[in-house]
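Below is one structure; the comments refer to it alone.
What follows is calculated from the coordinates using simple rules that are stated; it is not laboratory data. Treat the numbers as computed from the prediction; the structure is a model and nothing was measured. Neighbour counts run over all protein chains shown; Cβ positions are idealised from the backbone, glycine included.
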Amino acid sequence: MFLLLKNANIFAPTPLGVNDILICHDKIIAIAPDLVVSVPADLHVIDLGGKTTVPGFIDGHAHLIGGGGEGGFATRTPEVAVGKLIEAGITSVCGLLGTDGATRHIASLYAKTKALRSEGISAWFFTGGYRVPSPTLTGNIGDDVTFLDACIGLKTAISDHRSSQSTVDEIARMASQSRIGGMTSGKAGSVVVHLGDGTGHFDPLWAVIDQTEIPIGQFIPTHVNRRRALLDVAKDWAKRGGNIDFTTGIDAEPQDGGAVKTSKGIAECLGDGVTIDRISMTSDGNGSLPDFDANGKMIGLSVAGFDTIGREFADLVETERLDLETALAPITINPARMLGLGDHKGQIKTGFDADILILDDGLAPDTVIARGKPAMIGKERLLRGTFEN
């Protein structure tokens, strides 16, 4: 199938101006003004009329098979439906486990990842979870990363009363296994690190970096905006060359040094000398957002959505006054690099995967092309494989 997108105002995320985009199967094969295409009858054309056209969003932290459970079995959150991802403009997603490593399993996460691929989007997962030793499918972190095609790295947790209170040696050993598995299989082997409310903040990670040869870029510390004090430490981490990940589903609670809104936190980081290439933002979608009292007892819980990514992106532009190229980086080119996908994801570029998002005047997703096929046109979601010219 050939798909021609006419008159697209492209931010790749670098601004390219108004061009046509030619797609063959799942790849972008040409970008130029006024393309004239002579192909067989399976050419479909969409005239975008100068609408803003950007790479599909990459969400590197989502609970694809649900999360939660901190308040008992009834607080387990549901699996994600592919339509929720499409409506949010997400064309690439990475799943992981949360607190619950007893009723949620890596095997189920692997199966869900493969299901989403069958439904038309790009998907991967992180092995591991809050538990140490890490839950795996093969029995070894490195072997999961090496031999499971969809396994992209490791997830673990620190500075949280729900974590396994890992030692520095344990964190280093887990990270090393993921790194070597990635080296063996040509993947990033990235280590997503859940950061909780504990006062230790980044301390275990600083110790790993200072005491071992594991490079700082191996880690993706997440939820850095959950507390003001944590964000202040995250800035130092990023200035030393580390990655930091904001969670768009965290509500701002400025009182008493509470949470920081993602768009405001990113703008603050840039103002304090952090370069945009060190920053990503993810939804934590379908994960639980528990509220604990001073004794660690859960007193409330909500479920994170996926549309928060788009809302925070729009706020970066409309409220924080960032240009589109800068605002897009944390959900396109940056996570592609952090996850080892930068050679085919995160940009509108010849030879790259045809994951393309067309925005409306309010910078919300309007039309979604996932792996070269229309998944949503004018906010009307389509079933995989259906398309009308």
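For the range 208-256 and the range 53-67, write down the distance between their C-alpha centroids in whole Å. Using only Cα atoms, the two centres lie 19 Å from each other. The trypsin sites (Lys or Arg not before Pro) of the range 97-148 include none that meets both criteria, a DSSP state outside H, G, I, E and B (loop) and at most 12 other C-beta atoms within 10 angstrom of the site's C-beta. Per-residue ellipticity at 222 nm, computed for the chain from helices alone with -39500 (n - 2.57) per DSSP H run of at least four residues, works out to -7000 deg cm²/dmol. In the chain, a dipole from Cβ-located charges (positive for Lys and Arg, negative for Asp and Glu) runs towards its positive end, and of Leu328, Ile276, Asn286 it is Asn286 whose Cα lies farthest in that direction. Could you tell me which label, among (i) 23.7, 86; (ii) 19.9, 60; (iii) 20.3, 68, carries the value of Rg and Dmax of the Cα atoms in Å calculated for this structure? Step by step, Rg and Dmax of the Cα atoms in Å for this structure corresponds to label (iii).
Over the chain, what is the mean sequence separation of C-alpha contacts under 8 Å (at least six apart), divided by residue count, expressed as relative contact order in percent? Can you show the working numbers first?
Details: 938 pairs, mean separation 74.7, N = 389.
Computed over the chain, the figure is 19 percent.
Each Lys and Arg adds +1 at its Cβ and each Asp and Glu adds -1 at its Cβ; summed about the Cα centre, the chain shows a dipole of about 720 debye.
Of the DSSP beta bridges with both residues in the chain, give the percent that are antiparallel, rounding to the nearest 5.
On the way: 32 of 67 bridges.
The answer is about 50 percent antiparallel.
With +1 assigned to the C-beta of every Lys and Arg and -1 to the C-beta of every Asp and Glu, and no other charges, what is the dipole magnitude of the range 1-120 about the Cα centre in debye, to the nearest 20?
Approximately 240 debye in magnitude.
Take every Cα pair under 8 Å whose residues are at least 6 apart in sequence, average their separation, divide by the length of the range 102-236, and the relative contact order is 20 percent. What net charge is computed for the residues neighbouring Lys112, neighbours being all others with C-beta under 11 Å from the C-beta of Lys112, Lys and Arg scored +1, Asp and Glu -1? Local net charge: +1.
Calculated translational diffusion coefficient of the range 134-244 (10 °C, 1.306 mPa s; Stokes-Einstein with Kirkwood radius over alpha-carbon pairs) equals 113 µm²/s. A straight Cα-to-Cα reach below 19 Å connects Lys6 with the aspartates and glutamates Asp20, Asp26, Asp34, Asp42, Asp47, Asp353, Asp355, Asp360, Asp361, Asp366, Glu388, residues fewer than 8 places away in its own chain not being considered. Placing pseudo-labels 7 Å out from each Cα toward the beta carbon at Asp323 and Ala364 gives an inter-label distance of 2.8 nm. Spin-label pair Arg240-Thr103: with each label point 7 Å from Cα along the Cα-Cβ axis, the two points sit 3.9 nm from one another. Shape call for the range 83-123 from the C-alpha gyration tensor, a ≥ b ≥ c root eigenvalues: rounded (a/c under 1.5), prolate (a/b greater than b/c) or oblate? Prolate, since a/c reaches 1.5 and a/b exceeds b/c. Can you tell me the relative contact order of the range 62-177? Whole percent, Cα pairs under 8 Å, sequence separation 6 or more. After rounding, I find 21 percent.
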